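See below for the structure under consideration.
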Amino acid sequence: MRVTPILWRPSPNCGARRGGVLPDMIVLHYTAMANCEAAADRLCDPAFEVSAHYLIGADGAVIQMVDEALRAWHAGAGQWAGAGDVNSRSIGIELDNDGRGPFPAAQMRALHRLLPGIMRRWAIGPDGIIGHSDMAPDRKSDPGPLFDWQGLARLGLSVWPEATPAPALPVDGAVFRAALERFGYGPDLDDDLLLRAFRLRFRAGVDGPLDPVDMAMATDLGRRFVVDRAAAGA
């Protein structure tokens, strides 16, 4: 696979990873700004106290702003897989997108080229690639319903449930919650917010109450991709 050239634009908004932890997840975002230049300016401005390790433009250009060994300030409050300080345990990637339009093919190709190297360097599996909305569903919806999670999973760069609805599987909110907590979602989300976060990633555009498809997909995720909470709490 061709390597995407990476531009270096250092951001002062970073620091040491707390507690000596290493990255075990990659968090994907959209910038929700007018263009890539505006996003880069914001992520490198000390007045805003935000940053990311990488920013990928709509044209596929990749800008690195924080060394991967350092803690970028991209995730904020939230949790995933038992880890509360997600910034210390993650690599943050921002995608130049306003949150309303599709992600251009050149941008997605650049992401596809960037992810394998990060995953290899830090021994991060496909289940460690998450959205900002996964770890902070009460605040965030990025990378949003138009992001192609299933396509990412086909390349081994994320995960996707393989289950189909089973008539014998009853709709049970407690079972749904337990499965998604095993997968990584936080235990403090209310039922509606948990369902919304799950569907935003795995069933974008679907409304209504919890149904058998939700149950089957969540059960499969919770069976095949159980997080190591002991390691996350280390």
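Restricting to the range 139-187, and then to whatever is under 17 Å from G92 (Cβ atoms) and among the charged types (D, E, K, R), can you tell me which residue is most open to solvent (accessible area, probe 1.4 Å)?
R139
Would you tally the residues in the range 62-87 being under 22 Å from F225 (Cα atoms) and of a type in the set (S, T, N, Q)?
2
Considering only the range 124-212, give the helices (runs of 4 or more DSSP H) lying wholly within it that have at least 1 residues that are within 28 Å of D98 (Cα to Cα).
On the way: elements: 132-135, 149-154, 173-183, 191-202.
Those helices (runs of 4 or more DSSP H) span 132-135, 149-154, 191-202.
Where the second residue is part of a loop (DSSP other than H, G, I, E, B) and the first is on the phi > 0 side of the Ramachandran plot and lies in the range 69-83, which pairs have Cβ atoms under 6 Å and are six or more apart or on separate chains?
G78/A136; A81/G184; A81/V227; G82/G233
(1) over 19 Å from H132 (Cβ atoms); (2) modelled with pLDDT under 95: which one isn't true of G15, the others all being true?
(2)
Within the group A106, A110, A136, which residue is touching a residue at least 12 places away in the same chain (Cβ under 8 Å), open to solvent by less than 40 Å² (accessible area, probe 1.4 Å) and closer than 29 Å to L189 by Cβ? Full working, then the answer.
On the way: A106 fails: closer than 29 Å to L189 by Cβ; A110 fails: closer than 29 Å to L189 by Cβ.
None of the others qualify; the one that does is A136.
Listed here are the residues, each with its yes/no results for (1) in contact with a Lys or Arg (Cβ under 6 Å, 6 or more places away or on another chain); (2) closer than 30 Å to R182 by Cβ; (3) of a type in the set (S, T, Y).
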{"residue": "I6", "(1), (2), (3)": "no, no, no"}
{"residue": "E37", "(1), (2), (3)": "no, no, no"}
{"residue": "D41", "(1), (2), (3)": "no, no, no"}
{"residue": "S90", "(1), (2), (3)": "no, yes, yes"}
{"residue": "E94", "(1), (2), (3)": "no, yes, no"}
{"residue": "G99", "(1), (2), (3)": "no, yes, no"}
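Just give me the residues in the range 45-62 being over 14 Å from N13 (Cα atoms), out of contact with any Lys or Arg (no Cβ under 8 Å at 6 or more places or on another chain), surrounded by fewer than 24 Cβ atoms within 10 Å (Cβ to Cβ) and not charged (D, E, K, R), in sequence order.
Within the range 45-62, G57, A58, A61, V62 qualify.
The values are calculated or read from the model by the stated rules, or taken from the named source; none is laboratory data. Worth saying up front: this structure is predicted, and the values here are computed from it rather than measured. Because the Cβ atoms are built from the backbone with ideal geometry, glycine has one as well, and the counts that use them run over all protein chains shown. These accessible areas exclude ligands, DNA and RNA; they are computed on the full protein's heavy atoms, side chains included. Shrake-Rupley method; radii C 1.70, N 1.55, O 1.52, S 1.80 Å.
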